[in-house]
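Engineer: My structure is below; once you've seen it, I'll send some questions.
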Amino acid sequence: MNHFQFYFPTILKSGNGLAHKAGQLLKPYLREKLLVITDEGLIKSGVLEGFFQSLVDAQIPYEVFSGVEPNPSTEVLDQAVAFLRENGCDAVIGVGGGSSIDTAKGVAAMATNSGNILDYEGYDRLPNVPLPIFAIPTTSGTGSECTASTVFTNKQTLFKTVIISPLLFPKLAILDAELTWKLPPAITAATGMDALTHAIESYVSKQANPVSQALAIQAIRMISSSLRKAYFVGNDSEARESMLLGSFLAGVAFAQSKLGNVHAISHTFGGVFNIPHGIANATLLPYVIGFNLPACPEKFRNIAIAMGQDTSGLDDLAAARKVVDFVMEMNAALGIPDNIKDLGVSLDFLPQMISDSMRSGNVLVNPRLTTAADIESIITRAYHGTH
C-alpha cells in the first residue's frame with residue numbers, strides 16, 4: 001500500500017436544531033468578539049434568527065458582515081478584513097453557503113498574515129496561524145466547513161485562486177439540516193450536484209486512499225438516494241439530513257485526495273463568466289466522467305453500484321458508463337442544462353480557459369493523464385453537448 005496521511009482536526013456537531021444552541025457550543029472557544037460572516041439574502045430570510053438568538057443567550061459579543069457575494073472576490077475579502085479590524089473581532093464564523101465559509105477562512109487568514117490572499121496560492125504557504133475559524137453550512141454542497149481550502153477570484157485576471165493550508169480547517173463545524181429546509185430548489189440542485197461531484201472526483205483521484213475512498217463512496221450513496229427528494233419535497237427531514245451529511249463526508253474525503261478535471265475547468269467558468277460553481281460542476285461532470293472511464297472503469301463500476309445501478313452481467317466499462325447515464329438523468333430531473341453554452345460559456349475565451357484549467361493542481365490528480373488538448377476537447381464537447 002502506498003504511504004498516505006489522513007489529517008482532520010475539525011470537531012463535528014450534527015443534529016436538527018443545533019443552530020439554536022450554537023452560542024453554547026461556540027462559547028468555550030471564544031475570547032473577545034465573534035465576527036459572523038454571511039450574505040444579505042440569508043439575513044433577510046429569517047433562517048438565522050435562532051442562531052443569532054443563541055449568541056445573545058450565551059452572552060457572546062458579535063458583529064455581522066453580510067456583504068458576501070457568489071464566487072467571492074479579493075475586494076470583498078479586503079472589506080471584510082477591514083470590518084473585522086474596525087470592530088475588534090478575534091474569531092470568525094462563516095454561516096451560509098460555501099462563499100460565506102470561504103470568505104470567513106480568508107478573513108481569518110488575512111487578519112494574521114500580510115499582503116494579499118492571492119500571495120498564498122497553492123499548498124501550505126500561510127506562515128501565520130489564522131484567527132479561530134468556525135462554520136455552519138446552510139446548503140448541502142461545498143463541504144467548505146470541513147476542508148483546508150478557500151477560493152477567491154482575482155477580478156483583474158478572472159482567475160479563481162485556490163489556497164490550501166491545514167491551518168484553514170475550521171475548529172468546529174455545526175451541521176443542522178433544519179437550516180436547509182427552505183432552500184430554493186435551484187440551490188438544492190446546484191449544491192447537491194456540487195457535493196456529488198466532490199465525492200466522485202475524490203473517489204477516483206490519484207491521491208485517494210482507503211480512508212478517503214470509504215468516505216467518498218458513502219457520500220455517493222447518501223447523495224444519490226436523497227437529492228431528488230430534497231429537490232422535489234424540500235422539507236423532507238431525512239433527505240435533507242442525508243444530503244448535509246453526504247456533503248460533509250465528500251468534503252472530508254476531498255480535503256485528503258483533492259479533486260479532478262471537473263473542478264480544474266469549472267473554476268475557470270466561475271472566474272471568467274461568474275457561473276455558479278455547483279451548476280458548472282454538474283454540467284461538466286458527465287463529460288469528464290466519460291473522459292476518465294478508460295483510466296479506472298473498475299472504480300466507476302463501484303460508483304455505479306453505490307448509485308443503486310444494476311451492473312450484473314456487465315463488464316467494468318459497460319457498468320462504468322451507467323455513472324454517466326445516472327448523472328445525465330439526475331441533471332435533467334433537476335433542471336440543469338446538458339451543455340455549457342446554455343450556462344453562458346463562450347468559446348472566445350477558450351485559450352484562457354485551457355491555460356487556467358491546466359494551472360490547477362486538480363489536473364495532476366485526475367485519474368486519466370490530461371493534456372491541454374484534452375481540456376480543449378472536454379470544453380468543446382461540453383459546449384456542443386456531444387457525449
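Engineer: Scan segment 305-314 and tell me whether some residue there is in the same structural domain as F254 (by TED's automatic domain parsing), closer than 18 Å to H267 by Cβ and loosely packed, with under 15 Cβ neighbours inside 10 Å. So that I can check it myself, show each step before the final result.
Structural biologist: Pass one, segment 305-314, residues in the same structural domain as F254 (by TED's automatic domain parsing): 305-314.
This time we only want the ones that are closer than 18 Å to H267 by Cβ, so: none.
Among the residues of segment 305-314, not one is in the same structural domain as F254 (by TED's automatic domain parsing), closer than 18 Å to H267 by Cβ and loosely packed, with under 15 Cβ neighbours inside 10 Å, which makes the answer no.
Engineer: Okay, moving on. Out of the helices (runs of 4 or more DSSP H) lying entirely within segment 345-387, which hold 1 or more residues that are touching a strand residue (DSSP E or B) at 6+ places or on another chain (Cβ under 9 Å) and touching a residue at least 12 places away in the same chain (Cβ under 8 Å)?
Structural biologist: On the way: elements: 350-359, 362-365, 372-384.
Those helices (runs of 4 or more DSSP H) span 350-359, 362-365.
Engineer: Turning to a different aspect of this structure: Given the conditions (1) under 19 Å from T10 (Cβ atoms); (2) in a strand (DSSP E or B); (3) modelled with pLDDT under 95, which single one is not true for S140?
Structural biologist: (2) is the only condition that S140 fails.
Engineer: Test of understanding: among S377, S355, which residue is at pLDDT 95 or above and under 15 Å from V262 (Cα atoms)? First the steps, then the outcome.
Structural biologist: Details: S355 fails: at pLDDT 95 or above.
Result: S377 is the single residue among S377, S355 that is at pLDDT 95 or above and under 15 Å from V262 (Cα atoms).
Engineer: Give me a count of the residues in segment 302-319 that are farther than 19 Å from Q218 by Cβ and part of a loop (DSSP other than H, G, I, E, B). Let's see the steps before the verdict.
Structural biologist: Our first condition is that a residue be farther than 19 Å from Q218 by Cβ; within segment 302-319, this holds for 310, 312-319.
Now restrict to residues that are part of a loop (DSSP other than H, G, I, E, B): 310, 312-315.
Of the residues in that region, 5 qualify.
Engineer: Against the definition (within 28 Å of P166 (Cβ to Cβ) and part of a helix (DSSP H, G or I)), how does G290 come out, yes or no? First the steps, then the outcome.
Structural biologist: Values: within 28 Å of P166 (Cβ to Cβ): no; part of a helix (DSSP H, G or I): yes.
Against the criterion (within 28 Å of P166 (Cβ to Cβ) and part of a helix (DSSP H, G or I)), G290 does not qualify.
Rundown of residues vs (1) in contact with a Phe, Trp or Tyr (Cβ under 6 Å, 6 or more places away or on another chain); (2) of a type in the set (S, T, N, Q); (3) at pLDDT 95 or above, yes/no style:
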residue	(1), (2), (3)
F52	no, no, yes
F65	yes, no, yes
N71	no, yes, no
N113	no, yes, yes
L131	no, no, yes
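Engineer: Determine which member of the set T138, T150, T112 is β-branched (V, I, T) and surrounded by fewer than 20 Cβ atoms within 10 Å (Cβ to Cβ).
Structural biologist: On the way: T138 fails: surrounded by fewer than 20 Cβ atoms within 10 Å (Cβ to Cβ); T150 fails: surrounded by fewer than 20 Cβ atoms within 10 Å (Cβ to Cβ).
Among T138, T150, T112, only T112 is β-branched (V, I, T) and surrounded by fewer than 20 Cβ atoms within 10 Å (Cβ to Cβ).
Engineer: Okay, next question. From A82, A108, which residue is closer than 18 Å to L131 by Cα and within 20 Å of the chain's Cα centre (by Cα)? Quick ask: steps written out before the conclusion?
Structural biologist: Numbers: A82 fails: within 20 Å of the chain's Cα centre (by Cα).
When all the criteria are applied, what remains is A108.
Engineer: Shifting gears a bit: Looking at V323, V365, can you tell me which residue is touching a helix residue (DSSP H, G or I) at 6+ places or on another chain (Cβ under 6 Å) and of a type in the set (A, V, I, L, M)?
Structural biologist: Numbers: V365 fails: touching a helix residue (DSSP H, G or I) at 6+ places or on another chain (Cβ under 6 Å).
Only one candidate passes the filter, namely V323.
Engineer: Here's another thing I want to ask about it. Determine whether segment 275-287 contains at least one residue that is at pLDDT 95 or above and outside any helix (DSSP H, G or I).
Structural biologist: no
Engineer: For segment 266-273, state whether one or more residues are among the aromatic types (F, W, Y), at pLDDT 95 or above, out of contact with any strand residue (DSSP E or B) (no Cβ under 7 Å at 6 or more places or on another chain) and outside the structural domain of S99 (by TED's automatic domain parsing). Let's see the steps before the verdict.
Structural biologist: At the first step, the residues of segment 266-273 found to be among the aromatic types (F, W, Y) are 269, 273.
After this cut, where a residue has to be at pLDDT 95 or above as well, the list is none.
Within segment 266-273 (the criterion being among the aromatic types (F, W, Y), at pLDDT 95 or above, out of contact with any strand residue (DSSP E or B) (no Cβ under 7 Å at 6 or more places or on another chain) and outside the structural domain of S99 (by TED's automatic domain parsing)), the answer is no, since none of the residues qualifies.
The values are calculated or read from the model by the stated rules, or taken from the named source; none is laboratory data. Just so it is clear, the model here is predicted, and its values are computed rather than measured. A quick note on method: Cβ atoms are made from the backbone with ideal geometry, for glycine too, and the neighbour counts reach across all protein chains shown.
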